[in-house]
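Worksheet: one structure, shown below.
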Amino acid sequence: MAARKVTVIGSGNWGCAIAKIVGSNTPRHPNLFDKEVRMWVFEEVVNGQKLSEMINTTHENIKYLPGVKLPENVVAVTDVVESVKGADILLWVLPHQFVKGICGKINGSIKQGAVSLSCIKGLQDSSELALISSLIQGELGTECSVLMGANIANEVAREEFSEATIGCNDANMCDVYQSLFNTSYFRTTPVQDSQTVELCGALKNIVAVAAGFVDGLGLG
């Protein structure tokens, strides 16, 4: 099989942290992945310069992840349709409220057989609660796995040891995703039950907030 092309959809602090991990791993596995990692960037002007140009010249997102260098093979692309063309793996790392709109923009432009993986914690806000992976899969017709963990983007980007769980129903893709994400400081464990992994990732944040309230009020 030809080396898989990877696109990161999103360039906030978590998006850039993921891009750093993936960008460092694709050159290590040339039999699995194309070296270049495209990252969709919502264009902004920062200190009089376009954010995409800044990322591509200084290899740093000074607005959302200052002080962290991205691998030079991570390329910022401002046209989301262009960013996903030819990609075999789409990594979703953007606020959940924008997912449906982005799906609408790229629908019809993604490669046949492409797969998705969501790094987004949360649930679809609609008349009925739904998983983000289900939204992506329903809109694009792609299989959608998930990456969930009690991770803080800045800590991961600073290479502080962190762990996460990959929820993927395809055993072969579990191995591929581990090769894409595993580093000396970021370790993943695959579980062949993506829905449970994603739901736990969303509910974990609710429990964390509730625990903070209890602690702040001195109730236990």
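The values are calculated or read from the model by the stated rules, or taken from the named source; none is laboratory data. Since this is a predicted model, take the numbers as computed values, not measurements. Cβ atoms come from the backbone with ideal geometry, glycine included; neighbour counts cover every protein chain shown. Just so you know, the surface numbers come from the protein's heavy atoms only, side chains and all, with ligands and any DNA or RNA stripped out. Shrake-Rupley method; radii C 1.70, N 1.55, O 1.52, S 1.80 Å.
Within region 43-57, identify whether any single residue is over 16 Å from Thr183 (Cα atoms) and touching a residue at least 60 places away in the same chain (Cβ under 8 Å), and answer yes or no. No. Selection over region 177-188 of residues that are in a strand (DSSP E or B) and under 18 Å from Ile89 (Cβ atoms) gives a count of 2.
If I go through region 54-108 residue by residue, how many of them are assigned to a strand (DSSP E or B) and farther than 18 Å from Lys35 by Cα? Adding up the residues that qualify gives 3. Looking at Gly15, Gly23, just one residue is within 23 Å of Thr142 (Cβ to Cβ), open to solvent by less than 10 Å² (accessible area, probe 1.4 Å) and either in contact with a Pro (Cβ under 6 Å, 6 or more places away or on another chain) or modelled with pLDDT under 95 (or both), and that residue is Gly23. The residues of region 12-53 that are more than 11 Å from Val75 (Cβ to Cβ) and part of a loop (DSSP other than H, G, I, E, B), listed by number, are Gly12, His29, Pro30, Asn31, Leu32, Phe42, Glu43, Glu44, Asn47, Gly48. Screening Glu43 against (1) touching a strand residue (DSSP E or B) at 6+ places or on another chain (Cβ under 7 Å); (2) closer than 26 Å to Ser184 by Cβ leaves a single unmet condition, (2).
Residue pairs whose Cβ atoms lie under 8 Å apart, sitting 6 or more positions apart in sequence or on different chains, and linking a residue in region 201-213 that is in a helix (DSSP H, G or I) to a partner that is small (Gly, Ala, Ser) and open to solvent by less than 80 Å² (accessible area, probe 1.4 Å), are Gly201/Gly149; Ala202/Gly122; Asn205/Gly122.
One residue stands out among those in region 134-169 that are charged (D, E, K, R) and either part of a helix (DSSP H, G or I) or touching a residue at least 40 places away in the same chain (Cβ under 8 Å) (or both): the one that is farthest from Ala19 (Cα to Cα), which is Glu139.
For every residue, the table says whether it meets (1) of a type in the set (Gly, Ala, Ser); (2) within 27 Å of Leu135 (Cβ to Cβ); (3) open to solvent by 50 Å² or more (accessible area, probe 1.4 Å).
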site: Ser162; (1), (2), (3): yes, yes, no
site: Thr165; (1), (2), (3): no, yes, no
site: Asp175; (1), (2), (3): no, yes, yes
site: Ser184; (1), (2), (3): yes, no, yes
site: Gln192; (1), (2), (3): no, yes, yes
site: Gly201; (1), (2), (3): yes, yes, no
site: Asn205; (1), (2), (3): no, yes, yes
site: Ala211; (1), (2), (3): yes, no, yes
site: Asp215; (1), (2), (3): no, no, yes
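Could you list all residues from region 189-200 that are touching a Ser or Thr at 6+ places or on another chain (Cβ under 7 Å) and in a strand (DSSP E or B)? Passing the criteria: Thr189, Val191. Among residues belonging to region 118-143 that are of a type in the set (Gly, Ala, Ser) and open to solvent by 40 Å² or more (accessible area, probe 1.4 Å), point out the one that is farthest from Asn107 (Cα to Cα). Going through the qualifying residues, I end up with Ser127.
Residues in region 109-123 that are of a type outside the set (Ser, Thr, Tyr) and outside any loop (DSSP other than H, G, I, E, B) were compared, and the one that is farthest from Cys168 (Cα to Cα) is Leu123.
Comparison of Gly104, Gly122 shows that the only residue that is in contact (Cβ under 8 Å) with a residue 40 or more places away in the chain, over 16 Å from Asp88 (Cα atoms) and out of contact with any strand residue (DSSP E or B) (no Cβ under 8 Å at 6 or more places or on another chain) is Gly122.
Yes or no: Ile62 buried (at least 22 other Cβ atoms within 10 Å of the Cβ), in contact with a helix residue (DSSP H, G or I) (Cβ under 7 Å, 6 or more places away or on another chain) and either without any contact (Cβ under 8 Å) to a residue 40 or more places away in the chain or under 30 Å from Ile206 (Cβ atoms) (or both)? Spelling it out, it is not the case that Ile62 is buried (at least 22 other Cβ atoms within 10 Å of the Cβ), in contact with a helix residue (DSSP H, G or I) (Cβ under 7 Å, 6 or more places away or on another chain) and either without any contact (Cβ under 8 Å) to a residue 40 or more places away in the chain or under 30 Å from Ile206 (Cβ atoms) (or both).
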